[in-house]
């Protein structure tokens, strides 16, 4: 598959189209679309325009594949339930890769300078807990809870986007684009779950930038737990584990009651019978699926993409020119547009 073919395939999957359906729209056979995507056949200029229009992309974005740094059609690190249908998570994965392409195109004209960076480690030599501690140390995080994880990750050059996935079975996913990582979050998740997902994806970015290990999900979970709830800071607070105390710890640490309790279990402070009793108590109250006090954890919204657009506008770029730079068609929901105008664009669609 060539780079143009990658972008055609990614755009098609993000639209939820089969090769045959895309072929029907642009007037060619499924075989022709397959050859375009595999790189066996190069579409002419007219066909590139037709494909771009059918996929809701710009020609400039489609042709950007020839200059994209790194692989486009890559598998994303993903926090999802094992029972999630492949067709669903593959479509969301295509959304992430499409965002990587838009971001890469924008970075041809815009430089992103971050105060920090996300360091990477080899999990064969650095445990997830050690990696979490090292990231906290390099970022100079204060001891204790992480206030506004989104801001810390954005300060490290991480582009965070939101989308309603249409399912609760997928929480988020991530992948690198050049020197900057991209994270796509399920916008419908609760604040505490979003924070754990962000920390989980941060673990993937730090530990699995080069190779995904068999136990990558377990490693990302261990990283997230130590990053958000360092043992040295939280262990002494877990001596009491009644529901009232767990609610207070949820407020303090910005994670779910279950995440706090599982931290105590990880430290060997909970017996199997106590763990069973805890989850029975949650189920009896209906808290296993929906915990109380959802509003005690602040809702952290990403700001970096819109901030890039605001800086471009201050430099004299119009909103249409910002769309062109990022490869978005007129009227499309461009996350790099300044916030107010982006909302208007979404309302106009």
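Structural remarks
- Any hit, the range 131-141, residues being crowded, with 19+ Cβ neighbours inside 10 Å, in contact with a strand residue (DSSP E or B) (Cβ under 8 Å, 6 or more places away or on another chain) and more than 16 Å from residue 335 (Cβ to Cβ): no
- Restricting the range 233-264 to residues that are without any contact (Cβ under 8 Å) to a residue 24 or more places away in the chain and in a helix (DSSP H, G or I), the residue that is surrounded by the most Cβ atoms within 10 Å (Cβ to Cβ): 249
- Residue within the range 57-73 that is surrounded by fewer than 22 Cβ atoms within 10 Å (Cβ to Cβ), at pLDDT below 90, touching a strand residue (DSSP E or B) at 6+ places or on another chain (Cβ under 8 Å) and assigned to a loop (DSSP other than H, G, I, E, B) present: yes
- Residue ID - nearest to residue 117 (Cα to Cα), chosen from residues in the range 197-211 that are touching a helix residue (DSSP H, G or I) at 6+ places or on another chain (Cβ under 6 Å) and outside any loop (DSSP other than H, G, I, E, B): 206
For (1) in contact (Cβ under 8 Å) with a residue 24 or more places away in the chain; (2) under 15 Å from residue 135 (Cβ atoms), each residue gets a yes or a no:
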site: 169; (1), (2): yes, no
site: 189; (1), (2): no, no
site: 201; (1), (2): yes, yes
site: 206; (1), (2): yes, yes
site: 222; (1), (2): yes, yes
site: 226; (1), (2): yes, yes
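- All helices (runs of 4 or more DSSP H) inside the range 265-333 with 3 or more residues being closer than 23 Å to residue 191 by Cβ: 272-285, 304-314
The values are calculated or read from the model by the stated rules, or taken from the named source; none is laboratory data. The structure displayed is predicted, hence computed values, not measured ones. Cβ: placed from backbone, ideal geometry, glycine included. Neighbour counts: every protein chain shown.
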